[in-house]
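Participant: Structure provided below as structure tokens; questions to follow.
The values are calculated or read from the model by the stated rules, or taken from the named source; none is laboratory data. Being a predicted model, the structure only gives us computed values, none of them experimental. As a convention, Cβ positions derive from the backbone with ideal geometry for all residues, glycine included, and neighbour counts pool all protein chains shown. Side chains included, ligands, DNA and RNA excluded: accessible areas come from the protein's heavy atoms. Shrake-Rupley method; radii C 1.70, N 1.55, O 1.52, S 1.80 Å.
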Amino acid sequence: MPHSKQPSHFQSLMLLQWPLSYLAIFWILQPLFIYLLFTSLWPLPALYLAWLFLDWKTPERGGRRSSWVRNWCVWTHIRDYFPITILKTKDLSPEHNYLMGVHPHGLLTFGAFCNFCTEATGFSKTFPGITPHLATLSWFFKIPFVREYLMAKGVCSVSQPAIDYLLSHSTGNLVGIVVGGVGEALQSVPNTTTLILQKRKGFVRTALQHGAHLVPTFTFGETEVYDQVLFHKDSRMYKFQSCFRRIFGFYFCVFYGQSFCQGSTGLLPYSRPIVTVVGEPLPLPQIENPSQEMVDKYHALYMDALHKLFDQHKTHYGCSETQKLFFL
């Protein structure tokens with residue numbers, strides 16, 4: 001895979017396109033959409049609103065993925081910028097459904113996005129017969145146009161109905177959940193391997209209810225591509241971040257990377273390798289109403305599998321032999 005340590009201007013611009021795309025769509029298309037309602041072109045947004053009403057439940061019923069969108073050439077530029085790769089340790093049989101834990105969250109989840117929401121790293125060839133879905137905040141699917149963009153890439157709502165649908169209709173579905181959630185974004189600083197997982201057990205209960213296999217993954221390098229300014233819990237900025245999360249569902253993080261000029265600070269991520277290692281699936285029995293003891297048992301087995309996956313590969317992807325994986 002061709003890659004140079006210093007990204008070209010073209011690659012950098014392409015990379016910026018993704019993290020800013022949500023903002024661009026929200027701030028440009030949404031006002032334009034509202035404006036058209038008060039012009040002679042009002043039938044266009046009116047028809048879309050009518051269709052949106054009829055299509056409202058689609059994000060919870062498998063979505064509407066597009067192989068064309070997943071194969072846009074911009075994703076290959078993002079892949080090559082770092083570069084981003086995926087490593088398979090075991091085959092996934094299309095005869096089963098899978099619930100995949102995505103760790104760590106990082107700031108912008110570059111690894112999970114590129115590997116599971118696009119074909120830039122060749123997911124379909126690596127795991128033939130498996131259809132990946134990456135779960136994200138449900139309110140994204142309430143925004144006109146943004147919902148279409150997300151569904152086209154195979155992104156699904158993290159709501160229980162959406163996950164239940166994918167794990168109960170046909171087989172060969174892989175649903176990825178960033179278990180640490182937005183809270184883990186504040187843990188995203190270089191040289192740290194801390195995951196919010198100790199009390200996150202809902203995904204295990206869901207997997208048991210559907211008999212879905214649990215798949216641990218760890219993305220090495222995800223926390224290395226940005227530096228983050230951390231604030232003390234008693235500071236006004238930290239309180240603002242907490243308030244922002246309660247309103248919008250995610251943290252307002254202050255982070256920085258590099259700019260177009262070598263040695264200067266900017267908003268471009270550092271071009272450092274990102275490798276997502278997909279572990280061996282953990283088979284689970286199907287139990288309609290699993291007891292808390294059963295959930296605890298398989299949650300402990302999952303954490304153990306994730307720990308072993310990290311220890312097995314850490315020295316190959318930038319971590320020292322003494323680096324430990326911590327669970328909060």
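Participant: Can you give me the number of residues within the stretch 313-328 that are open to solvent by less than 50 Å² (accessible area, probe 1.4 Å) and either among the charged types (D, E, K, R) or in a loop (DSSP other than H, G, I, E, B) (or both)?
Facilitator: Of the residues in the stretch 313-328, 4 are open to solvent by less than 50 Å² (accessible area, probe 1.4 Å) and either among the charged types (D, E, K, R) or in a loop (DSSP other than H, G, I, E, B) (or both).
Participant: So the check is Cβ under 8 Å with 6+ separation or different chains; which pairs have a first residue in the stretch 192-211 that's closer than 14 Å to residue 301 by Cβ and a second one that's of a type in the set (Phe, Trp, Tyr) and part of a strand (DSSP E or B)?
Facilitator: Going by the 8 Å Cβ cut-off, the qualifying pairs are 197/327.
Participant: Every residue in the stretch 123-134 that is assigned to a loop (DSSP other than H, G, I, E, B) and either open to solvent by 20 Å² or more (accessible area, probe 1.4 Å) or in contact with a His (Cβ under 6 Å, 6 or more places away or on another chain) (or both), please.
Facilitator: 128, 129
Participant: While we're on this one: Could you please find all residues in the stretch 294-310 being within 17 Å of residue 221 (Cβ to Cβ) and either over 20 Å from the mean Cα position of the chain (by Cα) or not aliphatic (A, V, I, L, M) (or both)?
Facilitator: The one that is within 17 Å of residue 221 (Cβ to Cβ) and either over 20 Å from the mean Cα position of the chain (by Cα) or not aliphatic (A, V, I, L, M) (or both): 310.
Participant: Give me the residue from the stretch 33-74 that is polar (S, T, N, Q) and out of contact with any Phe, Trp or Tyr (no Cβ under 9 Å at 6 or more places or on another chain) and, out of that set, farthest from residue 220 (Cα to Cα).
Facilitator: Within the stretch 33-74, the match that is farthest from residue 220 (Cα to Cα) is 40.
Participant: Under 7 Å between Cβ atoms, which residue pairs at least 6 apart in sequence (or on different chains) link something in the stretch 138-152 that is at positive phi with a partner that is aliphatic (A, V, I, L, M)?
Facilitator: 145/25; 145/29
Participant: Residue 77 versus (1) farther than 21 Å from residue 218 by Cα; (2) in a loop (DSSP other than H, G, I, E, B): which is the lone unmet condition?
Facilitator: Unmet for residue 77, out of (1) farther than 21 Å from residue 218 by Cα; (2) in a loop (DSSP other than H, G, I, E, B): (2).
Participant: Taking residue 285, is it touching a helix residue (DSSP H, G or I) at 6+ places or on another chain (Cβ under 9 Å), surrounded by 17 or more Cβ atoms within 10 Å (Cβ to Cβ) and not acidic (Asp, Glu)?
Facilitator: No; evaluated as a whole, the condition is false for this residue.
Participant: Suppose we keep only residues that are more than 29 Å from residue 272 (Cα to Cα) and not small (Gly, Ala, Ser) within the stretch 85-100. Which one would you say is most open to solvent (accessible area, probe 1.4 Å)?
Facilitator: Restricting to residues being more than 29 Å from residue 272 (Cα to Cα) and not small (Gly, Ala, Ser), the top hit is 95.
Participant: Report, by residue number, each residue of the stretch 253-271 that is at negative phi and open to solvent by 30 Å² or more (accessible area, probe 1.4 Å).
Facilitator: Passing the criteria: 254, 255, 256, 258, 259, 260, 261, 262, 264, 265, 267, 270.
Participant: Going by the structure shown, is residue 171 closer than 25 Å to residue 223 by Cα, open to solvent by 10 Å² or more (accessible area, probe 1.4 Å) and either in a loop (DSSP other than H, G, I, E, B) or of a type in the set (Gly, Ala, Ser) (or both)?
Facilitator: No; evaluated as a whole, the condition is false for this residue.
Participant: Would you check which residues across the stretch 135-168 are polar (S, T, N, Q) and open to solvent by 30 Å² or more (accessible area, probe 1.4 Å) and list them?
Facilitator: 136, 138, 160, 168
Participant: Please find, among 153, 125, 142, 201, the residue that is under 17 Å from residue 249 (Cβ atoms), among the basic types (Lys, Arg) and over 11 Å from the mean Cα position of the chain (by Cα).
Facilitator: Just one listed residue meets the conditions, 142.
Participant: Are any residues in the stretch 205-217 in a strand (DSSP E or B) and either open to solvent by 10 Å² or more (accessible area, probe 1.4 Å) or charged (D, E, K, R) (or both), and if so, which ones?
Facilitator: Selection gives 213 alone.
Participant: Also, I was wondering about something else. How many residues are of a type outside the set (Phe, Trp, Tyr) and open to solvent by 50 Å² or more (accessible area, probe 1.4 Å) if we restrict to the stretch 67-84?
Facilitator: Total meeting the criteria: 3.
Participant: What number goes with the only condition from (1) within 21 Å of residue 327 (Cα to Cα); (2) crowded, with 20+ Cβ neighbours inside 10 Å; (3) out of contact with any Lys or Arg (no Cβ under 7 Å at 6 or more places or on another chain); (4) not hydroxyl-bearing (Ser, Thr, Tyr) that residue 224 does not pass?
Facilitator: For residue 224, the exception is condition (3).
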